[in-house]
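The values are calculated or read from the model by the stated rules, or taken from the named source; none is laboratory data. These numbers were taken from a predicted model, which means no experiment stands behind them. Quick reminder, even Gly has a Cβ in these numbers, built from the backbone with ideal geometry, and neighbours come from all protein chains shown. Calculation scope for accessible area: heavy atoms of the full protein, side chains included, ligands and nucleic acids excluded. Shrake-Rupley method; radii C 1.70, N 1.55, O 1.52, S 1.80 Å.
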Amino acid sequence: MAGDTGSLGGELLSSLQNRGVWVKVATSTTVEITLGGASATIDPQQLQSGWNLVGFGPELTAIEQMLIHTAANRLQILRLFAFVEGGWQFRDILSEQGSLEQLDPDYGVWVYTQQPLIITQNGVEADTIDLGEGLTATLFATTAGGEMTDLSFDLGSGETARTVTVSAPSAVSYTLRIGDANDNFYPDIAVTTAANDLTALEPFTTGLQLYVYGMPAEAGSPTLLQDVAVYSGDNYLDTLIDPVTGLTLDELAEGTTLTLQKEGYLDVALTVESGQSVLYAIMQQASSTHGQLIENQYNSDDYVASRPLDASAPLTVPSNGDHQLGAVLLHRAGRNNPNQSINIRVTPYQGLDAINDVETLSQQVASDFIEAYSPTGASNPDELNSNPFWSWQIIAGAQMEVTDMTTGEVITDRSSSTLGAYATIDPYQATLISGKAEEYQALLQEFGQSSDYPAVVDLYVRGAQGWQLASTGVRFIDPTLDEATEGVDIYDAQESYAVAGQLPLNRLIIAPATTGTLMTQDSGGGLFDYVFVLKQLTPVTRDMTVTVTDTAGAPLANALVSLNWGLRELSDSRGQVVFSDIAMPLTEASLNLEALRNDHYRNGMALSVGDLLNNTEPAYTLQLRPVNETATIRGTITDVVTGEPLEKATVRLITPAALSQLSYDEGTFTAYNDPQANYRWQIRARDVLASSGGRLLRLLDSDWVEIKADSGANEGYQLTESEVVQALLVAEEGQDSSALFYMVGDYDLTLTVEYDIDQDGTADFSETSGDGMGVSVSLNPAYITANGRGESDSDYSLDGSIAQGFFVLRRLGSTVAQPSVLWQLDTPHETIELNQQPTPILNWRYLLDQLSTPQRVFDLIADGSIENSQLTLRAMVTVDGVSRSYSQHVDLAIPYSDEPLETLALHHGTAVPGGGERSGR
């Protein structure tokens, strides 16, 4: 052994981790062996059937603790032998008898295991039993053989009650081990050939498993995070190192609040709920931009607005946006200096996860709505929350961080009592959590003063007393206008001076309707976190059920399901999530649905608003593909000077992940830009119609067609609307390029990203987008217009327009509910029934959906009626058995022969990030 520092008995030391070693020496010889290295907890998969000599590691000294840890291995541990203090000690696991009470991490243990029985369930042989509702089991017996016998198990209660029957080899007694989809295991249960009642299962108390996802700085999907510190109050608990396996926390009491911290991210607070075994968190990247205010700064400047002598001009924080910022604070003219020099960071919320105390906000929002509108039958928040028409949502907001520029410490008290009431301050918002400002502007313009379905957006701030109403109503500002229009404002003089250059020009800006909402100079307030909240009684809401399964159809519990990116829930043991009282958008074509789990790739789909309106109980299923490929990487970290191995070095594995941030926004698909990666986009038609009469669908089959291939340096990471439409317009070989054609309908898209990491000309790693990614191509809405105001009488008025985004049949002078309406569209060929479920509102994008189906467009082209055609939109209402019809003309004029590129538009799209795999070598 002398000099053999890298192996023991011919085996590498690295292969002996958690394995016991017998060393045979002569009786007259003394041998001293020193083995160094960090201790490690055993991987349960190291155990084999039969006898094993192993070390369990320093964290598994209690036998029960060891059994919980090794339960993931489908073998059953029956007996333990250990040499302790000069003698053998024994433990029989099933009878819980023997002298071995504790495991010594410095000594090996003999462990005897056995394999599960092969059973027959539903005519199929297997070594696992499917118990339903995400539960599986393995069956053991010490001696079994001969004829097969039946065993039955009663599980669940109420709607989930069920009986599972299997056949197994005959035995005197059996032991059943049950686990769920999250690798939570139950104590082994003795079962017999009679009926077995398993309705009161209690899992092992294994603590919480924590997984953390991070939101990218811009739009995109969450990705797994590491190096996240976990606190309970001021007490540090642990740090999440491996993002895939997560962090196991000791059992925590119900109601415990955990705070997650990671450099460069907003802190997140989570509350532990009863019976919770898995906890997911979403962390958002903090803004990298900030602004400074100096305590003793002399404030004179050239701004000519009326203000106190030597007081400064209006200023935004941050102030280096160049039309790129998502939110700013306007410090209005006349401001003074704060009590101390401060640095202010404003981070717009991208999701609800970073917003603290949402439940308290919910109660406050409901109370304020009751006080303002006195809705029928709702005198308290609980009654209002039970109203099926009540809906509220946080549409935007931002978190503040104020630091002392002298000490660098975060100032926790951001009120005027600490900072000084040095300015009149208001927030201006461009980045929304979900939806678009145009959608909310249209909603408020139509229903803001409605007695039936009032809607309002208010500003709330989170001060020392919690969430409080700061301002009622908002302004929608169009940065491109010179004059205000109905429902849309323009910047005033101070806003033009300070705000206009910081926020984007291509969208509406949301601001409070009054000034001094965060702070009023010489009065009070503070630099508080804030949110804009939409409150409404809406005529159209839906409860949506989403089921998440694996590719075999088995339910996946604790999958993170996102709706329109802002709403997120964890699936239950049946793989289900229910989103309640979802208000249907008036102007948007679709809602985005996505699911992911730490051990599965994400998947998503676009939900048609029209389909949601026509289904009172919408339900959807998302299948997630498991992450199957794993690899083991071994190496040694050494000191660059001495060459000696280094202990406790932090090692990070960085793999290409351009698709982790794949997103769709306003006609453009965008992946993470790796300049050296190669991006290949392909498209295929989902529904193919045969060509007829010389008018061609350019993609005549379901084969994939490449539409773009380029490097990230050459903008291969993006696919634009014009690139998609251009690809559809290019005639294939043999097609008549001058013939009329149509390309509307649904198309699948796929993106493959290849990386040549070592630059040898061979791809080393590739990623492919997930199933379900695609676009819906429609007629260009610019060519469809509403012709004037709809018919009305003393009872009803048909209002709204394509420009506004929706049509609505309103009952005049009434405080009762709106009538239920069936909508129709008359074309030269047919009358199209637009909805099966009555509703007073018609989302015009759904009308566009109906006009843009391939066969309908073909019919309109065939006789020329698509050009300069007048269609009729009709609202049919029946009251007291009497039917009435209200109509509005719709002009449709598509110049197919003149400007074909302009005749099409991307109606909506869905980006589905996928997974990577090794390629090349």
Leaving out ligands and nucleic acids, note down the accessible area per residue over the range 541-626 with a 1.4 angstrom probe, in whole Å². 34 Å²
Residues in the range 443-463 reached by a label modelled at ILE370 [backbone nitrogen below 17 Å; 7 Å Cα→Cβ]: none
Residue separation between THR472 and TRP704 times 0.36 nm, minus their alpha-carbon distance, gives in nm 78.3 nm
Per residue, accessible area of the range 39-114 with a 1.4 Å probe, heavy atoms of protein chains only, in Å², comes to 52 Å²
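Could you check what % of the DSSP bridge pairs in the range 541-626 are antiparallel, to the nearest 5?
80 percent
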Sequence order, the range 113-130: Karplus ³J(HN,Hα) from phi using 6.51 cos²θ - 1.76 cosθ + 1.60, θ = phi - 60°, Hz rounded, Gly and Pro as x, gives 10, 9, 7, x, 6, 7, 10, 10, 10, 6, x, 10, 7, 7, 9, 10, 10, 8
Using a 1.4 Å probe over the heavy atoms of the protein chains, calculate the carbon and sulfur portion of the accessible area of the range 208-284 as a whole percent. 44 percent
Rounded, prolate or oblate for the range 375-414? Axes are the square roots of the Cα gyration tensor eigenvalues, ordered a ≥ b ≥ c, and the cut-off for rounded is a/c under 1.5. prolate
Tell me the carbon and sulfur percent of the accessible area for the range 784-892, rounded to whole percent, probe radius 1.4 Å. 43 percent
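If packing is taken as the mean number of other Cβ atoms within 10 Å per residue, what is the order of 369-377, 573-581, highest first?
573-581, 369-377
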If you take the beta carbon distance between GLN824 and GLN46 as r and set R0 to 45 Å, what does 1/(1 + (r/R0)^6) give as a FRET efficiency, to the nearest 0.05? 0.10
How high is the relative contact order of the range 309-537, in percent, with contacts defined as C-alpha pairs under 8 Å that are six or more residues apart? 30 percent
Given the Cα-Cα distance of LEU78 and LEU729 and 0.36 nm per residue of separation, how much length would full extension add, in nm? 227.4 nm
By how many nm would the segment from ASP891 to GLN89 lengthen if fully extended, with 0.36 nm per residue of separation less the alpha-carbon distance? 279.7 nm
Sequence ranges 617-624, 594-601, ranked by mean other-Cβ count within 10 angstrom, highest first: 594-601, 617-624
